Each structure stands twice: as C-alpha cells, then as structure tokens.
Amino acid sequence: MKLPEPQVAVLNAASATDETPIERLADEAGLKPETATQAVFELRDDGLLDVTERETVEYELTAEGREYIDAGLPEVRLYRAAIEAGADDDPVQMGRTIGAADLDGPEVDIALANFGRKGYGSIESGELSADGDADAEDDPEAAALAALAAVDDEDDSDAALADVDDDDVLDQLVSRNLLERHERTVRTATLTDAGVTALMEGVEATEAVDRLTPEMLTSGEWQDVEFTEYNVEADAPEVRGGKTHVLRQTAERVKDVLVGMGFQEMDGPHADADFWINDCLFMPQDHPARTHWDRFALDVPPIADIPEDLVDRVEHAHREGVGEDGDGYHSPWSEDFARAIALRGHTTSLSMRYLSGTEVGELEPPQRYFSVEKVYRNDTLDATHLLEFFQIEGWVMAENLSVRDLMGTFVEFYEQFGITDVQFKPHYNPYTEPSFELFGRHPTTGELIEIGNSGMFRDEVLEPLGVEHDVMAWGLALERLAMLTTGAEDIRDLHGTLADLEFLRDAEVTY
C-alpha cells in the first residue's frame, strides 16, 4: 500500500491496543500538530484508524491563587486571628482582628465576605464573633488549591482533581479568580484491524505535493506528480482573527443612522467643569446627583475659560428663576463649585457648550447635533448599570417643536435597528419639561428595559444660553441598545472584566 509520508509516519506511531493522543503522535512522527491531525483524519476516512474525542476540563492556578497557598485564604487567616483573640467566647473588635490577621487592601473585603459564607462566625456592629466548632484547617477551598499546586506543570491535573470531588468548590474558586478553567477536546487514535493488516503487509511512503505551482505548469511536471488529497470535512484548529467589538459596531451604526437623519457630530472633554455638566442644565448644586455619591470629582485646578456673562445668567436662573413666573431654587450656589472639574456624568455637557455658542458660534435653526461618547457615574454595578458607559446624546433646535416631533424621531431612529416596540413613560427632569423615559422590549427575556431619557429643554436652560427657539433633547444608552440588538441579557457581557468573549466573537449587530 502506498500512502503519503505523513500518513505512514502516523500509522507507524499509532498503537492497536492503546489510545494515543494526536499531540503525542505528532511528536513521535516528527510532524507539526496540524499535519498530524490532517493525516489522522485521512487515515480514519480510509478505515485504518479509529478516532475518539473526549471533552476535558483542566484547572490552572492564577497568580492570586498561588499567593494564598503560602499565605492562606484571607477568611482562614481572619478566623485564626479571631480564635486567638477569644472571639469564640465573646465578640471582639473587628478592626483589631483584621490587623492581627495581617489583612490589607482588597483582602479585607474578601475575608469579610467569605467569613460568614463559610460559617466561621458573624459580624455585627463592628464586632466579630467566631464559631469555635468551625474547622478552618480543613477548608475545602484551601485544600483544593493545595492539591492543584502539588501537581507539576508537566503533569495532568486529573491527579489533583481526584482529591477534589466537589464541583461547587472548583466553581467557587473560579468565581473568586483563584483558578482558571480550561475546556478542550482531546482526540486519540487507535489502529483498526485494517490498519494493523496494512502495516504487516507493508506500507510504502510516496512523495506527494500539496499545491500546483507555475513552474509545474511550465515544465509539464504536473502530469507526473501525485497530489495530496484534501478532506474539507476534517476538523482543523480554530483560528480567531480580530474583529470590531460589537459595541463599536453598534456605535458606528448609530452614527450612520443619525448622520443619515441630518445630524452633525459633537465632541468635547471627558473631564469638564460642573458648570457645563450640571449648572447649565438647571441642576441645583445641592441635588443628590451632584454629591460624591454619584459624581467623580477630580483634584485638579478649576476651569477658568467660562464666559463671565454666561456664568452670571446661569447663577441668576438658579437663584431667581426665568420669566415672570420663575422662582429659582433659593438654594446655595457657588461659582467655585461650578468651576470645579469632574468626569462628566452625561454628554449633555457637550450640548450646553454647543447651544451656548462657545464651541461653533451662534447657531440659527434648524440645527441637529449628536454625540456617541463615554460618560461616568458612581452607580451600583448590575445587569443594566456600569460605572462608565456610552451615551447617545442628541438635540434638535427648530421652531414650534412638540413632544410628537420628539417621539417621532425616536420611532424613526429605532426602526433602523429593527426595534418597533418603543414605549414612553412620563418622567421628571430638572432641565426638561415635559420629559419622558423610553423603554424597549428585550428579544430574549421579553422584559421592558429603560433605554433612554428625553424631553423639551426648559426656559431656565435655554434663556441663559441665549437660545430663543425650541430644543428637544435626549440621552440614550448605547449598551442597552446593543442588548436589544444582540440579545445580551447582562450589560457586563459587552465590555469590562466580566465580558463574555465567546458572545463577543459570535454576536452580530442586526439592522
């Protein structure tokens, strides 16, 4: 029997009694892994080899996990320190116990979170109590880390995992970023009876070429050579190329749609004066959203280049209001606070810069502007909130605008993404009246999620800016739009440290 050289080498390296991984066959045959893989599947198709596939799971210690092998898990160290301090008899001061456990930085929160979870004790009113019957020396998570650490890098982790019979422990260690889980497919090959017979009868290697070259055509050599056969159905190593991030795809599509609707793009600073971020929006300076709980203040010199007359008009609107019926807030207003720098909590700061004329000069209606840029808020992380995200800012200046114009704009915009079930809910904003929130229905869960906020700018916003025409405006969430177009159920799947890479590789922006 005549076979190509790679197939002959693999056939000679294979065993009729033992399943041999393809990687080992490649080493013994002196072939590249991909060449050996191709040869194995060609031999399988000829009935000379049997191929078995198994899914395996391997675990690898992270750098943090290796640190805890020597130092001990934070919660175990806290428990030991608590026992030494007598917390199993009477509660002890938590701060002193943390110091005795030599915990610092993030380890403190880790220890406190896992201390109660594992039943080592309880914490109440700054005091710590320990359960004297708890067995921290046999902590299953610590034991699993130690078992994995005992395995040499060259060895299979199955030997260590045999001592860890609780998948929940391994899942917990992965969630704590102390282990990394790797799933892969292992393929092994075994000689069939036909393969054994072929070897006994003798297999001769033939030299085959894998491509047709111009030289072969010119010389006529192509008529005498044997060409390699290709099995287009054979498995091959998956090669992942780079691709545009799904969120960037969505952002670019948003820009295309808005430009097509006649809008121009705005840009501006991420760190800006509170004056542009909030004061121009008629947001009182004692509003909860302007405290350190929601705002990222920066320890840098205040901004100086704000027109003084504009500052005066905005301050007057806050103190006295606008128009005959205006009343203002009668609350503290500080120019120093207005000039202080913070990370913008919305891109409406750009709208204020443009509407005031400080960016592109005085604007005459009709005007349409938008931006798709990042904003920063001190929110609680959950499935629909991040500390930093992208906002689709937009506004239209024209004569005799109404809420119907605003709603119609949204209907037209979202239809470009295949979203036709946009719902509106009345809302309150300090800077728009009337105002309403937008909701879209998630394609997978069927749940209504908030996708934006909008309204007509109040006179208290427009008059200090010198704008005499109607302005309708909005701030839409780019990530939540991407959730509706891709089916992502958690905003953290899109970007950040918890992003789902498989989802990002496969997701498509539909429109």
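Couple of notes before you dig in:
- Count of residues meeting criterion [loosely packed, with under 12 Cβ neighbours inside 10 Å and either within 32 Å of the chain's Cα centre (by Cα) or assigned to a loop (DSSP other than H, G, I, E, B) (or both)] in region 397-410: 2
- Taken over region 416-441, the criterion of being within 22 Å of I277 (Cβ to Cβ), in a loop (DSSP other than H, G, I, E, B) and in contact (Cβ under 8 Å) with a residue 24 or more places away in the chain is satisfied by N429, P430, Y431.
- Number of residues in region 427-479 that are closer than 19 Å to S356 by Cα and of a type outside the set (S, T, Y): the value is 22.
- Sole residue being over 37 Å from the mean Cα position of the chain (by Cα), of a type outside the set (D, E, K, R) and buried (at least 20 other Cβ atoms within 10 Å of the Cβ), chosen from A317, A273: A317
- The condition (being within 30 Å of D312 (Cβ to Cβ) and of a type in the set (A, V, I, L, M, F, W, C)) is satisfied by just one residue among M200, M261, M266, M216: M266.
- Once region 201-247 is narrowed to residues that are outside the structural domain of T37 (by TED's automatic domain parsing) and basic (K, R), the residue that is surrounded by the fewest Cβ atoms within 10 Å (Cβ to Cβ) is R240.
- Residue in region 281-292 that is at positive phi and either acidic (D, E) or surrounded by 18 or more Cβ atoms within 10 Å (Cβ to Cβ) (or both) present: yes
- Only residues that are of a type in the set (S, T, N, Q), more than 17 Å from T206 (Cβ to Cβ) and touching a helix residue (DSSP H, G or I) at 6+ places or on another chain (Cβ under 9 Å) were counted in region 1-52, giving 2.
Table: residues versus (1) at pLDDT below 85; (2) of a type in the set (K, R).
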site: A194; (1), (2): no, no
site: T197; (1), (2): no, no
site: M200; (1), (2): no, no
site: D210; (1), (2): yes, no
site: L217; (1), (2): no, no
site: E226; (1), (2): yes, no
site: E229; (1), (2): yes, no
site: A236; (1), (2): yes, no
site: R240; (1), (2): yes, yes
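- Any hit, region 2-15, residues being exposed (fewer than 14 other Cβ atoms within 10 Å of the Cβ) and either over 30 Å from D210 (Cα atoms) or of a type in the set (K, R) (or both): yes
- Criterion (part of a strand (DSSP E or B) and more than 26 Å from L179 (Cβ to Cβ)) met by exactly one of T52, T56: T52
- Identity of the residue in region 21-60, hydroxyl-bearing (S, T, Y) and buried (at least 20 other Cβ atoms within 10 Å of the Cβ), that ends up nearest to the chain's Cα centre (by Cα): Y59
- Taking region 191-280 and the helices (runs of 4 or more DSSP H) fully enclosed by it, the elements with 2 or more residues that are under 27 Å from E502 (Cβ atoms) and touching a helix residue (DSSP H, G or I) at 6+ places or on another chain (Cβ under 9 Å) are at 246-260.
- Residue within region 308-327 that is in the same structural domain as L381 (by TED's automatic domain parsing) and more than 24 Å from E433 (Cα to Cα) present: yes
- If you go through region 28-47 and pick out every residue that is touching a Pro at 6+ places or on another chain (Cβ under 7 Å) and among the acidic types (D, E), you end up with 1.
The values are calculated or read from the model by the stated rules, or taken from the named source; none is laboratory data. Remember, predicted model here, so these are calculated numbers, not experimental data. For neighbour counting, all protein chains shown are included, and Cβ atoms are generated from backbone atoms with ideal geometry for every residue, glycine included.
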